[in-house]
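The values are calculated or read from the model by the stated rules, or taken from the named source; none is laboratory data. This structure is a prediction, so every number in the text was calculated from the model and none was measured. Positions of Cβ are generated from backbone atoms using ideal geometry, with glycine treated the same way; all protein chains shown enter the neighbour counts.
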Amino acid sequence: MNQKLYTFNGGVHPDVHKAESNATPIRTMPLSARYVVPMRQHIGEPARPVVAVGDRVLRGQMIGAAEGYVSTAVHAPTSGRVVAIEACAVPHPSGLFDLAVVIEADGEDQAIAYQPLDWRSLDPSALRNRMRDMGLAGLGGAVFPSYIKLNPGAQKIHTLILNGAECEPWITCDDRLMRERAPEMLRGIEIMRHALGCQTVLIGIEDNKPEALAAMRAAAPAEIEVVAVPTMYPGGGGKQLTYTLTGVETPTGGRSTDVGIQVFNVGTAYSLYRAVEIGEPLISRVVTLTGHVAQPGNFEVRIGTPLADLISAGGGMLPGASGEIIGGPMMGFDLMDLAAPVTKAVNCLIVKNPKFFPIKPIELPCIRCGACARACPADLQPFEMYWYSRAKDFGRAQGYNLFDCIECGCCSYVCPSHIPLVDYFRFAKSEIWEREREKRAADLARSRHEFKAFRLEREKQEKAEKFAKAAEKSKAAASSNADPTAPADPDAEKKKAILQAALERAQKAKESVAPKNTENLPPRVQKEIDEIEARRATVEATTETKE
Amino acid sequence: MISAILVMAAIGLVLGGILGWASIKFRVQDDPLVEKIDAILPQTQCGQCGFPGCKPYAEAIAKGEADINQCPPGGADGVNRLAELLGVEPKPLGEGLEAKPKSVAIIDENTCIGCTLCIQACPVDAIIGAAKQMHVIVASQCTGCELCLPPCPVDCISMQVIKEDVVNWKWRYPIHMMKRAA
């Protein structure tokens, strides 16, 4: 059990504020009247709604199917009726609306028949498909579809790391979950281990959570190591925890899988257990409600519960609240609309007050002290990236490995000039992404335009060729008519022969057909026939002369 | 004295020969200027610059026949990047040209008579349809060039500005509290 630990550079020690919410057990939220379930709760393509307005749905019924590879399903959190499929407020820093299925709960909370799975006898690929349909996504905050992470692919995964560090201040949902549901969580970890086929399993928990450490150690079998890591923000960052536990650095621009290590959040392991061994899709998660509320604590919340209902469950806001944060104070964002629901990504809701969240001081000029570089856990130079991002010189900012920034906020935290460095980096990143999107669109337009030009040219050529052929033919026909003594080409000769044969056949047929009912006719009819014959004869004669 | 001159001359000749050979053998095929300019242009193929497409405009810029500020879809950003590439001063967009928000064309299906005129006008073949059949625009391939608007005999095509959603939303430039305080 004497695991050697490594120390990454940088990091900060903000006030943890864990005691506010980690003293009470996880409470179950009462049912809400209305649930708003967004279709885009994970990284990648949004789910495609598979229900219609007016449908009755049951708890755990799939209401959005995974669309594309990087996607996962979405399920109804309770039984009720679908009342709308429309753009609704979602927890997103922009405050923009996004497509969601709105369910009016009927209060019966009737579930579909859950089907537990015998995962030991199932091959990993079938297990992964099951996870995709169960809507599993990483609950640590990045919400990457879990079934993709459980696909070892070409890279052999030798180590599985369970992230229970929970380094962000105020958040305690993983802490409570580990204290209360460690045995179930470990069964989830067993399933992960089976799917990845890896030997080593490490569970990293910060040493400021002794109860969680004890609970996990009590539940863990001998071959799974529970490691206490020093409390240091951002020790729970995937790359940072990997380094602390193994001493392996994740290559720049890469993932930990590139070095054979896969990292999961402990909450994901618990949801995986529920999905596989109970058969319940991801329809609830533990959310920390803390800050300026009457009864802070952790709640087991159905996905889609409006955040306003969560605050009421915690006794409501105290007077003097000054806003809400989704996620932690270091990496979270300000909530725009309390009608937005809890999604798979929401791990914490902090109600702000001016005491703990004072108005940000005025930004002062950079004094080039280098404090940000010393605090950066990704070994970057934030001040360089800041200058170039601020000047909108994105190419140079990227040259300083802007995309290795994990947006942890340590640089902004230590900056003596109160510069919101991370805001600049987020701005620069989204501008670069936009440019890349535009470049892809331009490349597509260029190739399509070039193909159109090529197509028009080809059609013109084909037409010209056709005309040329037709002209040649008519010329040849004209020349053979004009000069009968000229040697006729064998083709024309053949055609003539065929024509002649056809004419003869027609002639013969005409002759062989004997007129019917021509005997014993009354004189009137006979006369008529004679007249007709005479007319025909004259016509034939004239046509012959014409020819 | 003479031998020294001869030796130096011989060395000069040999080295010169090697350099000459190397300059032919290891010549780097530099990207032609037209390609570089074309890579900056937005490929809308709208013809607002007065040339029939982005490539002809790029060729004209390379020859010095056209100014760098004739491309409204590229906007001020595009002009700046062209200026940087060509080593000239950036300038505002040409007279009568203005950058519009990014849009896509939408066909009103109730009005469309299926005449195929817009299909012929589309520079990127982003319109699907056939004679007397309803036409539809593939939004993901539409460059927003507006070339399909004039040929339509029933005016059933309209331009719709692309709305901001949670996918194409961008973080804003941080507000300068310094400036606000000053």
Find all pairs meeting these conditions: Cβ atoms under 8 angstrom apart; at least six residues apart or on different chains; first residue within segment B:118-131 and closer than 13 Å to B:CYS145 by Cα and within 14 Å of chain A (Cβ to nearest Cβ); second residue polar (S, T, N, Q) and surrounded by fewer than 21 Cβ atoms within 10 Å (Cβ to Cβ).
B:VAL124/B:GLN141; B:ASP125/B:GLN141; B:ALA126/B:GLN141
Out of the residues in segment A:424-437 that are surrounded by fewer than 20 Cβ atoms within 10 Å (Cβ to Cβ) and within 7 Å of chain B (Cβ to nearest Cβ), which is nearest to A:LYS392 (Cα to Cα)?
A:GLU431
Check whether at least one residue in segment A:440-463 is free of Cβ contacts under 8 Å to residues at least 40 places away in the same chain, closer than 30 Å to A:TYR233 by Cα and at the interface with another protein chain (Cβ under 10 Å from one of its Cβ atoms), and report yes or no.
no
Which of the residues spanning segment B:24-47 are within 14 Å of chain A (Cβ to nearest Cβ) and assigned to a helix (DSSP H, G or I)?
B:VAL34, B:GLU35, B:LYS36, B:ILE37, B:ASP38, B:ALA39, B:ILE40
Here's a check for you: in segment A:32-50, which residue that is part of a loop (DSSP other than H, G, I, E, B) and crowded, with 19+ Cβ neighbours inside 10 Å is nearest to the other protein chains (Cβ to nearest Cβ)?
A:ARG40
Out of (1) touching a helix residue (DSSP H, G or I) at 6+ places or on another chain (Cβ under 8 Å); (2) assigned to a strand (DSSP E or B); (3) not charged (D, E, K, R), what's the single condition that is false for A:THR72?
(2)
Within segment A:84-95, is even one residue touching a residue at least 60 places away in the same chain (Cβ under 8 Å), assigned to a strand (DSSP E or B) and more than 20 Å from A:ARG255 (Cα to Cα)?
yes
Assess whether A:ILE367 counts as being loosely packed, with under 15 Cβ neighbours inside 10 Å and within 26 Å of A:ASP334 (Cβ to Cβ).
no
Against the definition (in a loop (DSSP other than H, G, I, E, B), touching a residue at least 60 places away in the same chain (Cβ under 8 Å) and assigned by TED's automatic domain parsing to the domain that holds B:PRO56), how does B:PRO73 come out, yes or no?
yes
Of the conditions (1) surrounded by 10 or more Cβ atoms within 10 Å (Cβ to Cβ); (2) more than 14 Å from chain A (Cβ to nearest Cβ); (3) among the polar types (S, T, N, Q), B:SER103 satisfies every one except a single condition; which number is it?
(2)
Can you tell me which residue is farthest from the other protein chains (Cβ to nearest Cβ) among those in segment A:344-381 that are closer than 19 Å to A:CYS173 by Cβ and in contact with a Lys or Arg (Cβ under 9 Å, 6 or more places away or on another chain)?
A:ASN347
Counted residues in segment A:403-412 being more than 13 Å from chain B (Cβ to nearest Cβ), buried (at least 19 other Cβ atoms within 10 Å of the Cβ) and assigned to a helix (DSSP H, G or I) come to 2
If you take the residues of segment B:132-158 that are crowded, with 16+ Cβ neighbours inside 10 Å, touching a strand residue (DSSP E or B) at 6+ places or on another chain (Cβ under 7 Å) and of a type in the set (A, V, I, L, M), which of them is nearest to the other protein chains (Cβ to nearest Cβ)?
B:ILE137
Return only the number of the condition from (1) buried (at least 24 other Cβ atoms within 10 Å of the Cβ); (2) touching a His at 6+ places or on another chain (Cβ under 7 Å) that A:ILE189 does not satisfy.
(2)
For B:PRO101, which of the numbered conditions (1) without any contact (Cβ under 8 Å) to a residue 60 or more places away in the chain; (2) more than 15 Å from the chain's Cα centre (by Cα) fails to hold?
(1)
Just a yes or no: is a residue in segment A:222-237 closer than 24 Å to A:LEU150 by Cβ, among the small types (Gly, Ala, Ser), surrounded by 21 or more Cβ atoms within 10 Å (Cβ to Cβ) and modelled with pLDDT under 95?
yes
